[in-house]
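The values are calculated or read from the model by the stated rules, or taken from the named source; none is laboratory data. Predicted model, so just to flag it, every value in this text is computed and none were measured. With ideal geometry, Cβ positions are generated from the backbone for all residues, glycine too; neighbour counts draw on all protein chains shown.
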Amino acid sequence: MRPRDLRERVALFFAGLGALLSLALAVVVYQAAHDLGRRLIDETLSAELDDYIARRERNPGSLPPSSVVLQGYVREAPAADGGGAMPPPYVAELAPGWHDVAVGNLRYRAAVVDRGSARFYLLHDQSLQIRREERFQLFLGAIVIVATLLSALGGMWLSRAVVAPLAELAAKVRNRGADTGQRPLADDFTEGEIGELARVFDRHLLRMSAFIERERAFSADMSHELRTSLAVILSTTEILLDDPTLTEKQKQRIVRIDRAAHDMAEFGTALLLMAREEYALAPPGDCVVATVIERAVERHRHLLAHKPVQVELHLDPALQVPCDSALVDIVVSNLIRNAFSYTASGTVSVRMDGGGFTIADTGKGMAEHVAGQVFLRHFRDLASEGAGIGLSLVKRICDRQGWRMRLESRENQGTAVTVEFH
């Protein structure tokens, strides 16, 4: 598992470094101790052999060394009484030089020397030395573990000291708004890498503040100009619709303009609400979902003027949502419009339950790969007539408000979209 933050990484690094260095040191110390022990045994064997050979020259009947640790043998050539026990087969086959001999569970260090017509063998029992090395290994292992733990503790302590300025800077950035006129972060962090990071944050915050101010001015100006233009269009269409001299075809065209202007006004209101960050903090009103659905159905019923499609409504007037009605309307209107537009015959049903609503149709539906992408911005199926914005906006509104949205569709069988408010 990878470390999650900088403090864990620093502590893990020091723990790994301590473990690596202590392990390397332990290996070096153990190898040095092992070589030193081997050298002492070899020197002991050499000294004992030289002493025995010198005694044997003075007294041919001298017996080879025989003790708990040392065991000597002599073999004459040609075979003769060497004044001692004949070497066992595992010793007699050894050539002159130094050898490691294993006999069962015993381990010997053997020295073999030729002097004159005799061959001298001297074995040193290494069992005690091996046990000492095993204990020394355990001791070094304990040192490695302790050093690793101490390195980890030291790394944790050092990480606090290293990360503390960074954590303080992160807290200041986290609690800092986009408003101008605030004290620069670089005033509190003047030196080193943290100071440079603070200066970078200050530059980016200034750019963000300027961008937000431009966006606020643009939204306010566009909202004013858009509402003014739409008010002129709506008032004009209202006057024209009262003109008794208009033909039926002319009235239908003006009704279409009036409907598009109303849709644009509602759509623009929803977009402006979504664009304002402070909207999430504003106290929402209570929206009666059934009323919004009824208005949306009537507003888009013209899409079914020449289609054999039946609309079924099963509404619950008691369901209210603490949200601006414009946002609920944009969600419902897009789903109703899609259901009416892509259903050539059959039924479009709107059914409400205690926590949401479902809009189902018997239209042409969608293939599985298309249904998984319809909420992407500007995605359009080849058979689609829209710009690919409606369902993307619906998804954004649902995500913003914490509503759950589910789409089920089968090609040539229809589509059902469910929105759950709770």
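Worth a mention:
- Members of the stretch 325-335 found to be touching a strand residue (DSSP E or B) at 6+ places or on another chain (Cβ under 7 Å) and farther than 11 Å from Val292 by Cα, listed by number: Leu335
- Verdict on Ser62 being surrounded by 14 or more Cβ atoms within 10 Å (Cβ to Cβ) and modelled with pLDDT of 90 or more: no
One line per residue, one yes/no per condition, for (1) under 30 Å from Leu17 (Cα atoms); (2) more than 31 Å from the chain's Cα centre (by Cα); (3) not in a helix (DSSP H, G or I); (4) not small (Gly, Ala, Ser):
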residue	(1), (2), (3), (4)
Ser151	yes, no, no, no
Met156	yes, no, no, yes
Val162	yes, no, no, yes
Pro165	yes, no, no, yes
Ala170	yes, no, no, no
Arg176	no, no, yes, yes
Asp202	no, no, no, yes
Leu206	no, no, no, yes
Arg214	no, yes, no, yes
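- Checked against the criteria, Ala344 counts as in a loop (DSSP other than H, G, I, E, B), surrounded by fewer than 14 Cβ atoms within 10 Å (Cβ to Cβ) and at pLDDT 90 or above.
- Taken over the stretch 290-347, the criterion of being of a type in the set (Asp, Glu) and touching a residue at least 40 places away in the same chain (Cβ under 8 Å) is satisfied by Asp324, Asp329.
- Pick from the stretch 312-325, criterion surrounded by fewer than 17 Cβ atoms within 10 Å (Cβ to Cβ) and not in a loop (DSSP other than H, G, I, E, B), ranking: nearest to the chain's Cα centre (by Cα): Pro322
- When residues in the stretch 299-311 are screened for being under 46 Å from the mean Cα position of the chain (by Cα) and either surrounded by fewer than 17 Cβ atoms within 10 Å (Cβ to Cβ) or polar (S, T, N, Q) (or both), 0 of them pass.
- Qualifying residue in the stretch 148-155 (condition: β-branched (Val, Ile, Thr), modelled with pLDDT under 90 and either out of contact with any strand residue (DSSP E or B) (no Cβ under 9 Å at 6 or more places or on another chain) or exposed (fewer than 12 other Cβ atoms within 10 Å of the Cβ) (or both)): yes
- Val144 vs. criteria farther than 24 Å from Tyr90 by Cβ, in the same structural domain as Val74 (by TED's automatic domain parsing) and surrounded by 14 or more Cβ atoms within 10 Å (Cβ to Cβ): yes
- Residues (of a type outside the set (Phe, Trp, Tyr) and at pLDDT 90 or above) located in the stretch 70-87: Leu70, Gln71, Gly72, Val74
- Any hit, the stretch 244-252, residues being at pLDDT 80 or above, in contact with a Leu (Cβ under 9 Å, 6 or more places away or on another chain) and either of a type in the set (Gly, Ala, Ser) or outside any helix (DSSP H, G or I) (or both): yes
- Out of Tyr121, Tyr52, Tyr108, sole residue that is surrounded by 14 or more Cβ atoms within 10 Å (Cβ to Cβ), of a type outside the set (S, T, N, Q), modelled with pLDDT of 90 or more and under 30 Å from Val29 (Cβ atoms): Tyr108
- Residues of the stretch 222-239 that turn out to be at pLDDT 85 or above and touching a Leu at 6+ places or on another chain (Cβ under 7 Å), as a count: 0
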